[in-house]
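Taking it in order: structure first as structure tokens, then the write-up.
The values are calculated or read from the model by the stated rules, or taken from the named source; none is laboratory data. Here the structure is a predicted model, which means the values were calculated and not measured. Reconstructed Cβ throughout: ideal geometry from the backbone, glycine too, with neighbour counts over all protein chains shown.
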Ligand SMILES: NC(=O)c1ccc[n+]([C@@H]2O[C@H](COP(=O)([O-])OP(=O)(O)OC[C@H]3O[C@@H](n4cnc5c(N)ncnc54)[C@H](O)[C@@H]3O)[C@@H](O)[C@H]2O)c1
């Protein structure tokens, strides 16, 4: 079976391509390397069932032969990019997704879209189930992404009803793991980068905003199960273990210090909260458990351990065996 993965040179794309190749699929990747990495592509380039097409999904798509499934992941996901390239992100979410749906219709392929917990905005209810309609600001710094993903879901609905396209919609909650870009602006790699460089970890807000972080392998397993299920309305894919972001920063500081054999952790600095940054984020994953038989398996401590090992190896820094780190973590407020 041939499967197309858009955004396959990115963080989640890498883990998904690996899963698909491991189960014997032929995999084609469309990616313009905007936020992904050539290294992620090189990792697979000798695999006989892997093909990479460098292209921007907003433009005319390359020809592909028969494909049965499309995982549509191509879109920047870091808040830093929302500030830099809001128009390009909106184009990717609308025109890019439309191009992919047209391809799905032409080839009779099922399309899964990587939607997001950001469709719930700054939620007024917790945990967030798929029935929750969200609290999204359509005129703000995150709206290119939040509304972009909402329009992608609307397009999925429209293509399903107008063209009979088979669609699957994954509302992904924060994921982390190896193959993220160290400086791509998302919380976990940001924290790891600061700790590795001996800098204070910056947390926006007072540290009490909550997030639920899922490890990459759990996330792509959820996407894979959803694609191969009969469920054609949105499904939350995320961890439901909710933690204050300040505590996650402390955990990262400690893991990095232990692995680098440092006596003390870097401290955590709090800056004003960023506009429209959600204060609480926790998925209700009852539906994923029921219809996909899926729940995340990797606990945060273990996932951070593996992720820090990977970043240290990437930087050519050996990871020492973990030992207790002295010194209290002292949050600094500016
Ligand atoms: N990682 C998360 O926590 C998370 C959470 C919710 C939703 N998602 C969604 O999952 C998908 C993958 O996220 P990720 O974390 O791997 O991000 P990523 O930035 O690592 O990967 C995105 C990939 O898409 C490519 N891309 C972007 N725009 C493109 C375009 N116009 N044409 C061709 N390629 C393009 C990038 O070059 C990159 O390789 C995204 O759609 C994102 O919105 C991710």
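Residues that are at pLDDT 95 or above and either within 9 Å of the ligand (Cβ to nearest atom) or within 18 Å of residue 184 (Cβ to Cβ) (or both) within segment 81-94 comprise 81, 82, 84, 85, 86, 88, 89, 91, 92, 93, listed in sequence order.
In the list 77, 114, which residue meets the criterion of being assigned to a loop (DSSP other than H, G, I, E, B) and near the ligand (Cβ under 9 Å from one of its atoms)? Criteria check complete, one pass: 77.
Filtered by the rule that a residue be surrounded by 24 or more Cβ atoms within 10 Å (Cβ to Cβ) and near the ligand (Cβ under 10 Å from one of its atoms), segment 16-35 gives 16, 29, 30, 31. Against the definition (within 10 Å of the ligand (Cβ to nearest atom) and in a helix (DSSP H, G or I)), how does residue 157 come out, yes or no? Criteria not met by residue 157. All conditions but one from (1) outside any strand (DSSP E or B); (2) surrounded by 14 or more Cβ atoms within 10 Å (Cβ to Cβ); (3) more than 10 Å from the ligand (Cβ to nearest atom) apply to residue 56; the one that does not is (3). Among the residues of segment 127-140, the ones that are touching a residue at least 60 places away in the same chain (Cβ under 8 Å) and either buried (at least 16 other Cβ atoms within 10 Å of the Cβ) or part of a helix (DSSP H, G or I) (or both) come to 3 in all.
Report whether or not residue 100 is in a helix (DSSP H, G or I) and over 30 Å from residue 273 (Cβ atoms).
yes
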